[in-house]
Every structure is written in structure tokens, then in C-alpha cells.
Amino acid sequence: MKFILAPILLIILSAGLFLGWKSNRGKKILDTVYLLSLLVIAGLGYFGGEIAYGGKTGPAASEFRSGQEIYAANCGSCHTDGGNVINPDVPVRNSPKTADFDTFLAWVRKPKAPMPAFPDAVLSDAEAGDLFKYVVNVLNK
């Protein structure tokens, strides 16, 4: 959709520029062009966001749903779809830190900055287990 809307925007703006100079009704034409451009730009923003920021991971199987909710609430803003917006070279997806639960739990409890720590008071061992299962079985696939 983004590849369709971008050329349409170029055509609208080019036509508006050309017709605005050649016409006595230039202001009315330019107002129409601006309105059409705004609508196309809104479409580009709506459909283009998925390309720029990646598609969202679909709903997980019911056995991983709890982990998906924990991930969305605590991890998803920095680690979108298993990536890493702060340091793209260090994604969660297929990280060595997800090799086994004990390594994962130690990483979640005492990570390197700028990642915040998730002590037991914030994320119980059971919740960390659900999170681990989600990362390993959904994001790492």
C-alpha cells in the first residue's frame, strides 16, 4: 500500500504545482491539492508504520499467551518483535541469554544498562518462566 500511495502523492503534488501556476484559480486548486495530500499522507502514515517499525507478532498459542502479555507490558517497547531499538546488534530473538532458563533469569534480574532489572518483586519466577517460554517458543522461531 505504501508503494502505491507514495507515487499518488507525487502525482498530486506535481499536478497541483503545475496547475497552481497556470491557473487563475490557483489558490482553490492548491487548497484542494493540500487536502488530497493530507489524506494520502495519513494513509502513508497508517500503512507505512508497519514497514518502518515491523509487523507485530501475532497472537501466541494459548500456552504462551501469559508470556506474550508479560513481554508486551515489560519488554515490547524496547524489544519490538524480539529486536532491540536501543542497540539493534543485541536483539532478544535468538540471544545466547535465552539458551536456558537459568541464564535467562540471571539476565532479567541483573542485566547490563540501559536495560532495567526485573527483581522478584516486579517479575516473579513463574512470570519469568512464562516470559522465557514465550521468547524461546514464539520469538525465537
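Bear in mind that the values in this text are calculations on the coordinates, not laboratory data. Source: prediction; values computed, not measured. Every residue, glycine among them, receives a Cβ derived from its backbone with ideal geometry; neighbour counts consider all protein chains shown.
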* Asked: Shape of the range 64-126 from its Cα gyration tensor (a ≥ b ≥ c, root eigenvalues): rounded if a/c is under 1.5, otherwise prolate when a/b > b/c, or oblate?
  -> rounded
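Below 10 angstrom from the Cβ of PRO119, what's the summed charge of the other residues (Lys, Arg +1; Asp, Glu -1)? Numbers along the way, then the final one.
On the way: positive: ARG109, LYS110; negative: ASP120.
Around PRO119, the charge tally is +1.
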* To do: Beta carbons within 10 angstrom, averaged per residue: use that to sort the peptides 114-121, 12-19, highest first.
  => 12-19, 114-121
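If we sort 70-77, 27-34, 82-89, 133-140 on the protection proxy, mean other Cβ atoms within 10 Å, highest first, what's the order? Before the final figure, lay out the partial values.
Values: 70-77: 16.0, 27-34: 14.4, 82-89: 12.6, 133-140: 19.5.
For the peptides 70-77, 27-34, 82-89, 133-140, the packing ranking is 133-140, 70-77, 27-34, 82-89.
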